[in-house]
1. Once a ≥ b ≥ c are taken as the square roots of the eigenvalues of the Cα gyration tensor of segment 3-187, is the result rounded (a/c under 1.5), prolate (a/b larger than b/c) or oblate (a/b not larger than b/c)?
2. How would you rank CYS212, CYS236, going from fewest to most other Cβ atoms within 10 Å of each one's own Cβ?
3. Measure out, as a whole number of angstrom, how far apart the alpha-carbon centroids of segment 57-74 and segment 145-161 sit.
4. In the structure displayed, which of LYS190/LYS324; LYS283/LYS319; LYS51/LYS268 lie more than 22 Å apart, Cα to Cα?
5. Can you compute log10 of I(q)/I(0) for the chain with the Debye formula, treating each Cα as one identical point scatterer, at q = 0.12, 0.13, 0.16 Å⁻¹?
6. Can you compute the equivalent ellipsoid semi-axes for segment 204-323, i.e. the square root of 5 times each eigenvalue of the Cα gyration tensor, sorted largest first and rounded to whole Å?
7. Can you check what the net charge comes to around ASP79, using other residues whose Cβ is under 12 Å from the Cβ of ASP79 (Lys, Arg +1; Asp, Glu -1)?
8. Does segment 84-126 come out rounded, prolate or oblate, given a ≥ b ≥ c as the square roots of the eigenvalues of its C-alpha gyration tensor, rounded meaning a/c under 1.5 and, failing that, prolate meaning a/b above b/c?
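Rule-based calculations on the coordinates, nothing more; no lab input. These numbers come from a predicted model, not from an experiment. Cβ coordinates were reconstructed from backbone atoms using ideal geometry, including for glycine residues, and neighbour counts include every protein chain displayed.
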Amino acid sequence: MKRIAFISTGGTIAMEVNEEGFANPSIGAKGLLSSLEELKKEIIIEEIDFKNIPSAHMTFTDLMLLRKTILDVIKEGFDGVVITHGTDTMEETAYFLDLTVNNNIPIILTGSQRNFSDVSSDAVRNIIDAIRVAADDKAGEMGVLIVFSSEIVTAREAIKTHRARLDTFKSFEFGPIGTVDNKRVNWVKKPLILEQYGVGDIENIKVDIIPCSLGTDSRTIRNSINDKVNGIVLQCLGAGHVPELMLDGVEEAIREGIPVVLTSRVLKGRFFTDTYGFRGSEKYLREIGVIFGEDLPSQKVRIKLMVLLSLGYKYQDLKYEFEKNHYL
C-alpha cells in the first residue's frame with residue numbers, strides 16, 4: 001500500500017463553530033481523518049500536525065518550516081504528501097513549494113470553503129480526493145498540485161476565483177490537468193512549465209506589490225524605494241501599460257538597482273511587446289528595464305521574485321527566468 005504523509009496547517013478545513021457561533025481553528029490532522037476508515041484500508045495515512053492557523057496568518061518563516069517538514073517526509077520514504085491549508089493563501093504556499101522543493105513524490109494541497117461544522121462542508125470530499133491523487137503513480141510528474149472540488153490544478157496556474165463557491169480554485173486559461181471520479185484519478189494533460197530552484201534566506205527579502213489604476217502617481221513606489229525593498233512587482237493595466245504619473249517612480253527604482261517585475265490586473269493572456277509606443281506602453285517599459293513577469297498573477301510573481309532574490313539572482317538572470325517562456 002502507498003504511504004502518505006498528511007500534514008495539517010489549519011485554515012477553514014480545520015475550523016469548527018464555537019459557542020458564540022464563530023468558526024475558529026480547532027481540529028488537528030487526526031480529527032480531519034477520523035471518518036476515513038474505509039480509505040485507510042487502501043492507503044497508509046500518517047498524521048502530522050504542523051500548525052493550526054488561518055492561512056491569512058501564514059508567514060515565510062512558516063513556509064520555510066513547512067518546506068523542511070516536507071523534505072524530512074521525503075527522506076523518510078513516504079510515497080506522497082497531502083497538506084491541508086486555508087484557501088486565502090493556498091495558491092502562494094503551493095507555488096512556493098513548487099519552486100523550492102525538488103520533489104519526486106506527489107505534493108498535494110487541499111482545504112475547504114466551508115468549515116468542519118457545516119452540514120454541507122466540502123472538507124471530507126476534498127481530503128479523500130487529495131489523498132487519492134497523492135497515491136497516484138503519475139502525480140509525482142506534475143509538480144505541486146491543488147486538488148479541490150474533484151479537480152486537479154497545477155500550483156503555477158491555480159487561482160482562488162470565488163470568495164464562497166466550493167469550486168473556487170481554477171486555471172483561468174488552461175483548465176484542470178485532471179479530475180477525480182469514481183475513486184479514480186483521471187489525467188488529461190501534463191504541465192510543460194516546471195521550475196525548481198531551491199531557496200535561500202527568503203525571510204529577509206522584501207518585495208512589494210504596487211497596483212496601477214486610473215491616475216495613480218509615484219508615491220507608493222517612492223515609499224518602497226525609501227524602505228529599501230529588494231524588489232517591486234508592478235501590477236500594470238491591460239497588456240503592459242502604466243499611468244504616466246508613475247513613470248518617474250518606476251525609473252527611479254530601476255536607477256536604484258531595484259528589479260521591477262511587471263504583472264497585469266487582467267488575469268488572462270500575455271503582455272504585448274511591440275504594439276504601442278506611448279510613454280508608459282509595453283515597449284517603453286521594456287526599454288527602461290522593466291522585467292516582464294510571465295503570465296502569472298502578482299502574488300505568484302512576488303513569490304518567484306523573492307525565491308530568486310534569496311538565491312542571489314541579479315538583473316540579467318532575473319530577466320531570463322521571468323521572460324524565457326514567453327518573451328525571449
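1. Numbers: a/c = 1.23, a/b = 1.20, b/c = 1.03.
Rounded is the answer for segment 3-187, as its axis ratio a/c remains below 1.5.
2. Values: CYS212 23, CYS236 27.
Lowest to highest Cβ neighbour count: CYS212, CYS236.
3. So the separation of the two Cα centres works out to 20 Å.
4. Values: LYS190/LYS324 19 Å; LYS283/LYS319 15 Å; LYS51/LYS268 34 Å.
Over 22 Å apart, Cα to Cα: LYS51/LYS268.
5. Debye intensities relative to I(0), on a log10 scale: -0.83, -0.95, -1.28.
6. On the way: eigenvalues 77, 54, 33 Å².
Listed largest to smallest, the semi-axes of segment 204-323 are 20, 16, 13 Å.
7. Details: positive: LYS2, ARG3; negative: GLU46, GLU76, ASP136, ASP137.
Surrounding charge for ASP79 is -2.
8. Values: a/c = 5.25, a/b = 2.22, b/c = 2.37.
It is oblate, given that a/c is not under 1.5 and a/b is not larger than b/c.
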